Amino acid sequence: MQIELREVRKTFGPVRANDGISLSVPAASIQGILGENGAGKSTLMKILSGFIRPDSGEIRLDGRTVVIHSPADAIRQGIGMLHQDPLDFPPMKVLDNFILGRPGSLFPDRRRAAREFRELASSFDFAIDPDAWVDGLTVGERQQLEILRLLGFGARALILDEPTTGISQPQKEKLFATLRRLAAQGMTVLFVSHKLEDVQLLCSSVAVLRQGALVGTASPPYDTSTLVRMMFERDVAPSPRTPPAPGAPVLSMRGVSLEALRLQISDVSFEARAGEIIGLAGMEGSGQSVLLSACAGLVRPVSGRVFLKDRDLTGLSYHSFMRDGVAYLPAARLEQGLVGGLSLSDHFVLSEGKGLFIDRKAAGDLAADRICTYNIKGSPSSTVESLSGGNQQRMLLALLKKSLSLILLEHPTRGLDIESTLYIWRRLQERCAGGASIIFISADLDEVLQFSDRVLVFYAGRVSPPLPADRLTVESLGGLIGGTGWDALGKAAV
Amino acid sequence: MADPRGLPRASSALLQLAAIVLAVLLTTLVLLAAHAPPVAAYLNIVLGAVGSWNVAANVLVSWVPLLLATSGLLVTFTAGLWNIGIEGQITLGAVFTTWVLRGLQGSSVDPGLAIVLSIAAGIAGGALWALLAGALKTFGGVNEIFGGLGLNFVASALNLWLIFGPWKRPGVASMSGTVPFVKELWLPTLSAQSRLAPAAVAIALAAVAIVYVLLQGTHFGLRLKAVGKNPSSAYLLGVPTWQHMMISFALCGVCAGLAGAVQVTAVYHRLIPSISSGYGYLGLMVGMLSGYRAALAALVALFFAALNVGSIQLPIVLKQDSSLAGVLQGTLVLFVLLAQGVRQRLARERTARRRPS
């Protein structure tokens, strides 16, 4: 199927997720869609697969203009989407998953469906038992099941969203072989990824998105540095700050291994020193959130030890870490950081209040004082959800206790304007000057390079040794995030 | 809970009023379907609740356990918990009270002290049963609604087994309960005929006042509110979340146990099969209807108690079933909740409309 997008636009509030994207994908080809987090890849694919409707623009399938109303409508028109988290039903059997969503009578013909499934599976060399339970399958097998299901529906175009996350190398090779064969049979494949290596290996053409716009296309042979530049290029040049004289270690991770959903991090060792800022860079879900949570005691290491100023805190709860001067500021401000429905003043009482009865007057004074110091646009009695994102972030900073030795931040300036961003970093740098150590996650490479002293790069669970920020560039960091340049790293950094 | 912002106060009040009108309308339809004259029925309910000093006193008798249950539920509601198990907690309070009174009856212990000890035992029983539901939730991952429901059945089976087994009347066991205690072990009432014990009313008022102060004025109350609204944020702000949930269960159990103790010592003077009388479930409705506010909950509980007592007139005067009070209470809660849903939806749409501009 030939797919053509013309001037597709979609905005969410002030954010232009897709800003007039035009792209033509011929039949029987594998098209790579490349871009960093928030570049607009997912929005575009959701539009094509019927999850959301574009504000304007046109979709043409085989030259015919169509409107796709829903995912079910998309599959009727021949477009199937394979989601990063397979959309299957783990407590059901493989065959039931295969049948689900098919048009048909009240009583499905299970025997015929089973025969069809076996034929289809064996033609692709997939060894899945139709009578197995889905929750016993690996992620790779669930992906295969999903592909078979979509083929069973008669899909003529397949969209795959980050399909190589969480599957083994042999499964990845099998997936690529399958996709190549499908393309040879006339299938149109849209391969969405941030992994440069995979895209270069598989795709017959690559489109790069950045900040909602299509910034370029490339065809083989690919030049990695060109792709990286297209993905990450910015107008502002980063200006790394001069690293401070290393202070005493505040946090030491010694041989820490962590396990999370579809991700394993093994044997990480590093030290965060007083007055130092460490940035964690990587595509979302590459392991940096898990590591940051482990620094706060929110995730317990499978093995290894976590020390805070020579005190072994391995396995203790976040509240123990807190008593020792650790603060953790989550990315989801309203979901995990602040309590919706409570006022600013209530929050200060919650975090600082002692004794039995609340002293409302003292609480109001404290709130008014902090609101003024941190320049929050709100009053002591406003609820936190009435604040803008920037002010919520200021509020989280205002809630930080006076003496802290380690501040952990997840996306501290995500969604904030430049003024709020600079303000927040000024405050954080003051904390550092006072002897605190800061570790933060950011998807913004400029932010990582500009504010970190050292950087840890994450790629699919691999963690780089701490790299001095002044020796990194947007290109080299972007390449590492995309999975290239790791071999050279091993030699140079150690 | 606070009014959702973005909708003017006047239209909110209008929606509430509409809910009440609709509830009365629906109840009227039920009355018409049962061939009962609606006006006469409502009049009888009113007269049955406030027509004489005697019935008014009965309203207070019914108010006490309802207010105690509601006060306890306000604490668990604040922590974001649905303590359905409150019925069982009331029952266990009554069982423990009876147990101590049976032990002390006929002994040399001063009757006043015996009553105090038995009420303390009731408190312990209610708290124990509530902590069991809390432990199931905290350590066993059992949702408190399901755990509570299960514990309600266990409590009621235990109660029946005691009445028909170890504590049965000499001769033949009876649905009318255990043998009544001697008069000395009754909580003193206003007069010989009345079942209204001033001490019980004082206990209930003290409970609701304490809960009010606890939730409004203390650090504990604020932390509980934070846990109820968003446990993960509360945890990151340093609030020990599961510990607070357990304490809230215990406090609700204390109130429920008191309700059971009052039912035994002041109202029935024995253990009966339906000792909790549905006050726990009714308390859930009162809590919801009052928007989880203690001051308003006391008034709504009084209104519900009046409906209960007033509707006793229906079978006597109009030959209608007294369950009409339940119909009115149930529809009232449903319509008020519906009005809240509509109000939130309107508020959401308002903000959504404002945003793109």
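Values in this text are rule-based calculations from the coordinates and carry no lab data. No experiment lies behind these values; they were computed from the predicted model shown. Neighbour counts run over all protein chains shown; Cβ positions are idealised from the backbone, glycine included.
Within the same chain, lysines fewer than 8 places from A:Lys354 are excluded, and of the rest, those with a Cα less than 25 Å from its Cα are A:Lys401, A:Lys402, B:Lys225, B:Lys229.
Exposure proxy check: A:Val215, B:Val211, A:Val25 ranked by fewest other beta carbons within 10 Å? Walk me through the numbers before you get to the answer.
Values: A:Val215 17, B:Val211 24, A:Val25 21.
With the fewest neighbours first, A:Val215, B:Val211, A:Val25 line up as A:Val215, A:Val25, B:Val211.
On a 0 to 90 degree scale, rounded to 10, what angle separates helix A:360-373 from the longest Cα axis of chain A? Once rounded, one gets 70 degrees. Among A:Ser56, B:Ser107, A:Ser252, the order by Cβ neighbours within 10 angstrom, fewest to most, reads B:Ser107, A:Ser56, A:Ser252. Model label points for A:Asp267 and B:Glu184, set 7 angstrom from Cα along the Cα-to-Cβ axis, are 8.1 nm apart. Rg over Rh for segment A:16-69 works out to 0.94, both radii taken from alpha-carbon positions and Rh defined as the Kirkwood radius. Dimensions of segment A:1-140 along the principal axes, based on C-alpha atoms and rounded to the nearest Å, stand at 48, 31, 30, largest first.
Taking 15 Å as the cut-off, the amide N atoms of segment B:192-235 that come nearer than this to a point 7 Å along the Cα-to-beta-carbon line of A:Phe357 belong to B:210-221. Projected label points at A:Lys402 and B:Glu349, each 7 Å from Cα along the beta carbon direction, are separated by 5.2 nanometres. For chain B, adding -39500 (n - 2.57) for each run of n ≥ 4 DSSP H residues and dividing by the number of residues yields -24500 deg cm²/dmol at 222 nm. Basic side chains Lys and Arg get +1 at the Cβ, acidic Asp and Glu get -1 at the Cβ, and with that the dipole of segment B:63-278 about its Cα centre reaches some 100 debye.
More than 43 angstrom separation, counting every C-alpha pair in the protein assembly as shown; what % is that? Walk me through the numbers on the way to the answer.
Details: 175175 of 361675 pairs.
Cα-Cα pairs in the protein assembly as shown separated by more than 43 Å: 48 percent.
Once you have the alpha carbon radius of gyration of chain B, what is it after dividing by 2.2 N^0.38 Å, with N set to its residue count?
Details: Rg = 21.7 Å, N = 357, 2.2 N^0.38 = 20.5 Å.
Chain B yields a ratio of 1.06.
The radius of gyration of the Cα set in segment A:3-232, together with its Dmax, comes out at 17.7, 56 angstrom. Considering only the Cα atoms of segment A:338-400, their convex hull presents on average a projected area of 3.8 nm².
When every Cα-Cα distance of chain A is counted in 10 angstrom steps from zero, the calculated P(r) takes the values 4, 17, 25, 24, 18, 10, 3, 0 percent. Magnitude of the charge dipole for the protein assembly as shown, about its Cα centre and with charges confined to Cβ atoms of Lys, Arg (+1) and Asp, Glu (-1), is about 1500 debye. The distance separating the Cα centre of segment B:151-202 from that of segment A:6-75 comes to 71 Å. For the pair B:Leu338 and B:Trp53, label points projected 7 Å from Cα toward Cβ lie 4.3 nm apart. By the count of neighbouring beta-carbon atoms within 10 Å, fewest first, A:Thr165, B:Thr97 end up ordered A:Thr165, B:Thr97.
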